[in-house]
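This report refers to the structure that appears directly beneath it.
Any read-out appearing in this document is the output of simple, stated calculations on the displayed coordinates, not a laboratory observation. Owing to the predicted nature of the structure, the values given are computational and were not obtained by experimental measurement. When we count neighbours, we look across all protein chains shown, and the Cβ atoms used for this are built from the backbone with ideal geometry, even at glycine.
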């Protein structure tokens, strides 16, 4: 199954066999069978790029991998990497950043011929000023879309890794519009309504729970 955020609404591409079990039918959700015609994907994409009433959208198919390949063909693909950084020694706090009005986790584009793990470490170091990081296990991949400056559709695939550090001093990367770096416990962070992207919440949830 694939989960892609389009304009803050999650789009799931799933196997038809498991749809009823995984996605209960509700009034504010759209669940539809993929017709197999790539052009039909544009109708769903166009709808999700505009303000909509759906809490989520599910496109299901007997071949979700093929459906996802056709979905990706609509977009320019960019790969990125980032980290969910835990504070040693107790690992109870997570490192957050604040950028352009949103709370976020440090991440960035993977350079040409750069390894994913190396990119994740580099981006966290650059965006937060932390030099001593220990790389842990991979948490997950996330997908979200946006329009670039040329109004092209972009699908960003981000690889997320668990990391740890003992460092306490930060240097926000202001040239990347980061105005704050701070430690906070996940429960405390989630206890207050904040402007935060859905894929970031997914990373926090999986990275903290380990599930």
query: Any idea how far apart residue 100 and residue 205 come out in nm if each label point goes 7 Å out from Cα toward Cβ?
result: 2.4
message: Using only Cα atoms and rounding to the nearest 10 degrees, what angle (0 to 90) does helix 116-128 make with the longest principal axis of the chain?
response: 60
- prompt: If contacts are Cα pairs under 8 angstrom and at least 6 residues apart, what is the relative contact order of the chain in percent?
  reply: 23
- request: Please give the FRET efficiency for residue 131 paired with residue 22, using the beta carbon to beta carbon distance and R0 = 41 Å, rounded to the nearest 0.05.
  value: 0.45
task: Give me Rg over Rh for the chain, both radii from the alpha carbons and Rh done the Kirkwood way, two decimal places.
output: 0.99
- prompt: If the chain between residue 169 and residue 69 were fully stretched, how many nm would it gain, using 0.36 nm times the residue separation less the Cα-Cα distance?
  reply: 31.7 nm
message: Expected output is a single nm value to one decimal: the length gained when fully extending between residue 151 and residue 2, i.e. 0.36 nm times separation in residues minus the C-alpha distance. What is it?
response: 51.2 nm
message: Distance between the C-alpha centers of region 8-28 and region 101-180? Whole Å please.
response: 29
message: What does the C-alpha gyration tensor say about the overall shape of region 2-72? Classify as rounded when a/c is under 1.5, otherwise prolate if a/b is larger than b/c, or oblate.
response: oblate
field: Residue-span extension gain [residue 92 to residue 197] - 0.36 nm each, minus C-alpha spacing
entry: 35.6 nm
task: Provide 145, 116, 158, 26 in ascending order of the number of other Cβ atoms located within 10 Å of each residue's Cβ, fewest first.
output: 26, 116, 145, 158
task: Considering only DSSP beta bridges where both residues belong to the chain, give the percentage that are antiparallel (nearest 5).
output: 55
task: Could you tell me what percent of the DSSP beta bridges with both partners in region 2-72 are antiparallel, to the nearest 5?
output: 35
message: Taking the number of other C-beta atoms within 10 Å as the exposure measure, put 85, 57, 203 in order starting with the fewest.
response: 57, 203, 85
field: Acute angle (nearest 10 degrees) that the helix 38-49 long axis makes with the longest principal axis of the chain, alpha-carbon atoms
entry: 50
